[in-house]
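Engineer: A single structure is presented below for examination.
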Amino acid sequence: PPTATSGAVADACICALAGSQACKKPSEPPNQELESLKKALKERNRGKMRELLGKADQATKREFLRVALEEPNVKAMLRVIRYAEGTDAEDGYTKLFGNERFDSFKQHPYRKVEKDGYESTAAGAYQILYRTWDGLVQEYGFSDFSPESQDMAAVALILRRGALVDVIEGELYT
């Protein structure tokens, strides 16, 4: 028997076959918070970014990190960090402290590794400690420890230190 959704599916199929513009679902309105964050980033307005991020929901914050990841100097900085952490190889996203590995991106591995008298929960391409990751999950709502989430987390940490604009502009001083 027909259901409420089967009619909608049939309508969608008919529209697709006919190529009708009238049948297409209207696009969602732009996320104004994200648009304001993009504008603040473009203007390099740190105060405005801080203010907007303080009010933004987790999804908007994650989208902002994705926007920042498109900046060439941000990509370059992430490569530098990975090189310095010894995780610049293809398998770098699965490295634990002490050069051990983990095999699931479902969540931060939270494995304490002991090596040469040191103990750490550092994991992934940016060697993020579990307690740091836990804070980032609370703030940004990351659902896994995938390479994309690790990259966004690294940008979030750069942002947290107030250095995102400097990285984007290539203004790095010792």
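The values are calculated or read from the model by the stated rules, or taken from the named source; none is laboratory data. The structure presented is a predicted model; accordingly, all values stated were derived computationally and were not measured. A quick note on method: Cβ atoms are made from the backbone with ideal geometry, for glycine too, and the neighbour counts reach across all protein chains shown. With ligands, DNA and RNA removed, areas are computed over all heavy atoms of the protein, side chains included. Shrake-Rupley method; radii C 1.70, N 1.55, O 1.52, S 1.80 Å.
Engineer: Nothing charged except the Cβ atoms of Lys and Arg (+1) and of Asp and Glu (-1): what's the magnitude of the dipole of the stretch 26-153 about its Cα centre? Round to the nearest 20 debye. It would help to have the intermediate numbers written out before the result.
Structural biologist: Values: 21 positive and 23 negative charges, 91 e Å.
Its charge dipole is roughly 440 debye.
Engineer: Per-residue accessible area for ARG160 at 1.4 Å probe radius, Å² rounded to 10?
Structural biologist: For ARG160, solvent-accessible area is about 130 Å².
Engineer: Just by accessible area at a 1.4 angstrom probe, what is the order of LYS48, LYS106 from largest to smallest?
Structural biologist: Working: LYS48 80, LYS106 155 Å².
Most to least solvent-accessible, the answer reads LYS106, LYS48.
Engineer: Taking R0 as 30 Å, what FRET efficiency do you get between GLN32 and GLU169 from their Cβ-Cβ distance, rounded to the nearest 0.05?
Structural biologist: On the way: r = 26 Å, r/R0 = 0.86.
It comes out at approximately 0.70.
Engineer: Let me ask something else. When all protein chains stay in place, what accessible area (Å², nearest 10, 1.4 Å probe) is found for GLU35?
Structural biologist: About 70 Å², ignoring ligands and nucleic acids.
Engineer: Right, next: When the chain is fully extended, how far beyond the present Cα-Cα distance does LYS42 get from ALA84, taking 0.36 nm per residue of separation? Before the final figure, lay out each step's value.
Structural biologist: Numbers: separation 42, 0.36 × 42 = 15.12 nm, distance 2.85 nm.
Value of the extension gain: 12.3 nm.
Engineer: If you count only protein heavy atoms and use a 1.4 Å probe, how large is the accessible surface of ILE128, to the nearest 10 Å²?
Structural biologist: Counting only protein heavy atoms, ILE128 exposes about 10 Å² to solvent.
Engineer: Something else now. Rank these by accessible area, largest first, 1.4 Å probe: TYR173, TYR140.
Structural biologist: Values: TYR173 180, TYR140 10 Å².
Ranked list, largest accessible area first: TYR173, TYR140.
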